[in-house]
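The structure appears right after this line, and notes come after that.
The values are calculated or read from the model by the stated rules, or taken from the named source; none is laboratory data. Bear in mind the structure is a predicted one, so any value in this text is a computation, not a measurement. FYI the Cβ positions are ideal-geometry reconstructions off the backbone, even for glycines, and counts take in every protein chain you see.
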Amino acid sequence: LAKTTQPISMDSYEGQEVNITCSHNNIATNDYITWYQQFPSQGPRFIIQGYKTKVTNEVASLFIPADRKSSTLSLPRVSLSDTAVYYCLVGDMDSSYKLIFGSGTRLLVRP
Amino acid sequence: GAGVSQSPSNKVTEKGKDVELRCDPISGHTALYWYRQSLGQGLEFLIYFQGNSAPDKSGLPSDRFSAERTGGSVSTLTIQRTQQEDSAVYLCASSKDYLSTDTQYFGPGTRLTVL
């Protein structure tokens with residue numbers, strides 16, 4: 001099975017930019033990379049999705065290098081409410097219908 | 001419906017009992033997914049449906065777990081002879097189709113506690 005790797009946790013302060021990187025060496029040619037956010041006692045919520053280069057929406061930016069073996073979620077000027085677990089999601093080359101979540105990164109934003 | 005719904009929201013059962021968890025996906029979504037999340041852990045993929053078909057059930061933890069989907073809509077996840085290690089939050093998600101570009105919309109989950 002393809003494996004994704006993320007830092008287990010990150011700390012930041014309000015107003016800072018946070019970058020979370022996910023490694024996904026076995027990403028398939030046609031697969032996109034999607035990031036989700038999860039607050040306690042809630043299901044994950046879609047943040048952003050991309051295929052290559054850079055994608056930006058009102059919440060975050062996603063940077064994907066040419067080889068697509070990693071991706072970086074960038075959260076500008078985080079606030080306390082951004083404290084959550086962040087997951088990256090990619091397709092699996094070995095079994096293309098099976099989506100695999102990364103291990104998740106627990107982001108703590110301090111005042 | 002407006003979103004994915006799951007029932008019950010909480011279920012407490014005794015070891016050895018069978019439980020059924022229900023998921024109502026967003027109307028028109030052909031793909032449906034079940035995940036499990038143990039306390040403080042990441043999401044564990046269990047099974048997915050494309051229509052009523054489940055092409056791969058290998059994510060199910062044991063033969064005590066089964067799932068079905070009827071009418072391309074509602075899905076039930078059944079756990080037979082529950083064990084304490086089955087305690088977790090069971091999350092259901094649906095998407096318009098199975099493509100990695102299709103956003104998965106998650107329900108609130110069912111918290112299962114096996115005593």
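Couple of notes before you dig in:
- Screening residue A:100 with (1) part of a strand (DSSP E or B); (2) at pLDDT 85 or above; (3) among the β-branched types (Val, Ile, Thr) gives one miss only, at (2).
Quick grid of which residues meet (1) without any contact (Cβ under 8 Å) to a residue 24 or more places away in the chain; (2) within 12 Å of chain B (Cβ to nearest Cβ):
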| site | (1), (2) |
| --- | --- |
| A:9 | no, yes |
| A:14 | no, no |
| A:21 | no, no |
| A:26 | no, no |
| A:32 | no, yes |
| A:45 | yes, yes |
| A:49 | yes, yes |
| A:56 | yes, no |
| A:60 | no, no |
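- For the stretch A:67-91, a tally of residues being touching a residue at least 24 places away in the same chain (Cβ under 8 Å), surrounded by fewer than 16 Cβ atoms within 10 Å (Cβ to Cβ) and closer than 20 Å to residue A:32 by Cα returns 1.
- Complete set of residues in the stretch B:68-94 that are more than 12 Å from residue B:31 (Cα to Cα) and within 14 Å of chain A (Cβ to nearest Cβ): B:88, B:89, B:90, B:91
- Candidates B:39, B:43, B:60: the one that is loosely packed, with under 13 Cβ neighbours inside 10 Å, more than 20 Å from residue B:97 (Cα to Cα), within 14 Å of another protein chain (Cβ to nearest Cβ) and in contact (Cβ under 8 Å) with a residue 12 or more places away in the chain is B:39.
- Conditions (1) modelled with pLDDT under 90; (2) polar (S, T, N, Q); (3) farther than 23 Å from residue A:41 by Cβ; number of the one not met by residue B:73: (1)
- For residue B:93, the conditions (1) closer than 30 Å to residue A:51 by Cβ; (2) of a type outside the set (Lys, Arg); (3) loosely packed, with under 14 Cβ neighbours inside 10 Å all hold with the exception of (3).
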